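Structure first, commentary second.
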Amino acid sequence: MNKLYNSQIDITSNFELFLKKAVPNIRKTQLNIIPSIMFGMIISESCSSSDIAKQLKDDAFNYVQFNSKIKRINRFWNNKLFEPSTFFKSIITFVLNTYHKKHSDNRVHIIFDHMFSHDNYTVFMLTMRIASQGIPLTFKCFDGNNDDAFSLNTLQSCIKDVSDLFKNRGFELIFLADRWFSSTKLLDFIDSLGHTYCVRLKGNIKVYKDGIMTKAKKLKHRKFKSVIHKDVSITDKRYKTNLIYSVSINTSTPWIIVTNGDPKRAIKDYGYRFGGVESVFKNQKSNGFHLNNINNASIKAFTTMYTILCTCQLYLTILGTDFSKNTRCYSKVKIETHKTYIKDGRKVRKRVMSLFNTGLTLFHLAFQSSFYIRLPFSFILYDV
């Protein structure tokens, strides 16, 4: 009988070893089940307890009745001794300590936005851009459309958490957000932390330039060219900032961006917002773990589930970066991640498979493979 590589026990054992390093204070009871849940969640591509339970066939679960497996998973979702925020903070701190950046300017783009799972749950998430995608950095979960999810206190608290994650690392943080986050208090808070913001404005916001009040959308602009308005003031609070008005052939409505950084880079920086957060939410829902199928869990259970989901998502994205960076280690694995085509007489190489989906595909190929496929568990993040 041929040997099968990367069995369930191999994978869960490696997850366990990683968690011991990254979360040294983790409880033994949690260490006994989290690696199995992570494996089941990835293989089933689902957050559902029953879908995860179907995949658990190692020594710890092999002789356990199916309904008992589900109950055991559900007990963990509701375990009051598990602290999701502390757990994930330890994970992401470990990952950032291993981060191998590719660019030399030390600029890191942080995107924040809300994610809604039907009307059942709201998540406020901050992500870090990797290539044209993102990884979760920190988040808070709320039941329904809770007002606390949108409060200034929640936004500032999460931004401060991310600021602390990068403290003394020598990176320049650039925070990107859509029109719903144009509060001058929020902009001032980011500035007070010593970071850069690039936030889109609504067109009807008041702008004061040269002592004259107008609407942002009525400022001077040119077709298909950015116009920079330095040292303007916005809203009745007269908050001083730089404003960039851009009308592009690729956008249905103009981009009106405010920034406390280099206005010449604001449009390019803001463009990183889209893949950096939308990809994360998409991978959690229809393109990955089908989080939107969860609708009757308590907020405690949902938060714990979401934390493990983000850990799995982080791992698979890291796996995708490893596949892209260390190509010689995967010479036997053929995954089409890019396509080359001719444009204007020159070759253009375009990514057609996201880092997350590359990692997910590689994980499936490696699981119980008849030939050895590298499946690293070091959680080393590469900038590709």
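The values are calculated or read from the model by the stated rules, or taken from the named source; none is laboratory data. What you see is a predicted model; the values in this text were computed from it and never measured. Reconstructed Cβ throughout: ideal geometry from the backbone, glycine too, with neighbour counts over all protein chains shown. In case anyone asks, the SASA skips ligands and DNA or RNA and just uses the protein heavy atoms, side chains included. Shrake-Rupley method; radii C 1.70, N 1.55, O 1.52, S 1.80 Å.
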Answer with yes or no whether residue 54 is open to solvent by 60 Å² or more (accessible area, probe 1.4 Å) and within 26 Å of residue 286 (Cβ to Cβ). yes
Run residue 61 past the list (1) open to solvent by less than 10 Å² (accessible area, probe 1.4 Å); (2) under 25 Å from the mean Cα position of the chain (by Cα) and report the number of the one that doesn't hold. (2)
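What number of residues within region 87-104 are closer than 18 Å to residue 123 by Cβ and open to solvent by less than 70 Å² (accessible area, probe 1.4 Å)?
The qualifying residues number 4.
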For region 193-243, give me the residue count where each residue is free of Cβ contacts under 8 Å to residues at least 12 places away in the same chain, open to solvent by 50 Å² or more (accessible area, probe 1.4 Å) and β-branched (Val, Ile, Thr). 1
Hey, residue 74 hits all of (1) among the polar types (S, T, N, Q); (2) under 23 Å from residue 137 (Cα atoms); (3) part of a helix (DSSP H, G or I) but one; which does it fall short on? (2)
Residue that is surrounded by the most Cβ atoms within 10 Å (Cβ to Cβ), among those in region 259-269 that are out of contact with any helix residue (DSSP H, G or I) (no Cβ under 7 Å at 6 or more places or on another chain) and not in a helix (DSSP H, G or I): 263
In region 48-84, anything among the hydroxyl-bearing types (Ser, Thr, Tyr) and without any contact (Cβ under 8 Å) to a residue 60 or more places away in the chain is listed as 49, 50, 63, 68
Inside region 360-378, the number of residues satisfying the requirement of being touching a residue at least 60 places away in the same chain (Cβ under 8 Å) and out of contact with any Phe, Trp or Tyr (no Cβ under 6 Å at 6 or more places or on another chain) is 11
Which of the residues spanning region 178-192 are over 20 Å from residue 268 (Cα atoms), of a type in the set (Gly, Ala, Ser) and either open to solvent by less than 30 Å² (accessible area, probe 1.4 Å) or in contact (Cβ under 8 Å) with a residue 60 or more places away in the chain (or both)? none
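Would you mind stating whether residue 280 is in contact (Cβ under 8 Å) with a residue 40 or more places away in the chain, open to solvent by less than 30 Å² (accessible area, probe 1.4 Å) and not in a helix (DSSP H, G or I)?
Judged against the criteria, residue 280 is not a match.
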